[in-house]
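Read the structure below first, then the notes.
The values are calculated or read from the model by the stated rules, or taken from the named source; none is laboratory data. Please read these numbers as outputs of a predicted model, since none were measured by experiment. Every residue, glycine as well, gets a Cβ built from its backbone with ideal geometry; the counts of neighbours run over all protein chains shown. The protein model used for the area step is the full one, side chains on, heavy atoms only, and it has no ligands, DNA or RNA in it. Shrake-Rupley method; radii C 1.70, N 1.55, O 1.52, S 1.80 Å.
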Amino acid sequence: QGQLAAGGLTRSGTAMTEAARVPTDIGMMLEQLLSGRQTNLMNTGLSAATGLGQLGQNNSANIGNMLSASGNAISSGIITDAQADAQGKQNMLNTAATIGSMFMYSDPRLKENVEEVGQAKNLKIYQWDWKPETKGTLVEGCATIGFMADEVKEKYPQHIHEFGGFMVVDYPALLDELETA
């Protein structure tokens, strides 16, 4: 149409005459060619849209799998930490039970309402209450009658030890020594 317009043929019957000269077979071939190109473009667009859809579906599945794996790893870590924490507490209780069977807290800094109730050889025996700060600790489970660690330390230092920053008395060894004395 541009060439016809440049030649001034579009406003005359000449354009129709020139168009009529194109053989029908060639016109049909051109129409089929143009139609084929449109179909190819449409199919290409459809394939691209399908590919993008599949890519999006694959990506969302991959992201879902990664998030699931991440969640599993986090929950596994939380469970492992909780198990390790529980095992650590159990170990601490076992250690405390072992220590408790041999040693007893007797540090005067942990006691209040101390009263002398007797004597064993050259050591005084006392009864006391544990200070409120000891509630919920290993100290709370210890006996409230016995010796003062500072007095034991003066006469039998070999039976005094430190645990958690406080003096403890090795009662089995101390009582054995007192009995033999």
Protection-proxy order for peptides 54-67, 151-164, each taking the mean of Cβ atoms within 10 Å per residue, highest first: 151-164, 54-67
Between T137 and I63, what is the FRET efficiency for a Förster distance of 45 Å, r being their Cβ-Cβ separation, to the nearest 0.05? 0.35
Read phi for every residue in region 60-69 and hand back ³J(HN,Hα) as whole Hz from Karplus 6.51 cos²θ - 1.76 cosθ + 1.60, θ = phi - 60°, with x for Gly and Pro. 5, 5, 5, 5, x, 5, 5, 5, 5, 4
Please turn the phi angles of region 34-49 into ³J(HN,Hα) values with the Karplus equation 6.51 cos²θ - 1.76 cosθ + 1.60 (θ = phi - 60°), one per residue in order, whole Hz, x for glycine and proline. 5, 5, x, 5, 5, 5, 4, 4, 5, 5, 4, x, 5, 5, 5, 5
By average C-beta atoms within 10 angstrom, highest first, the peptides 79-87, 111-119: 111-119, 79-87
When the accessible area of region 135-181 is computed with all protein chains present and a 1.4 Å probe, what percentage of it is carbon and sulfur? 55
Would you grab the residues whose amide H sits under 5 Å from the one on I125? Only those 5+ places off in sequence or on another chain, please, with H modelled 1.01 Å from N. V117, G118, Q119, A120
By average Cβ neighbour count within 10 Å, what is the ranking of 70-76, 144-150 from highest down? 144-150, 70-76
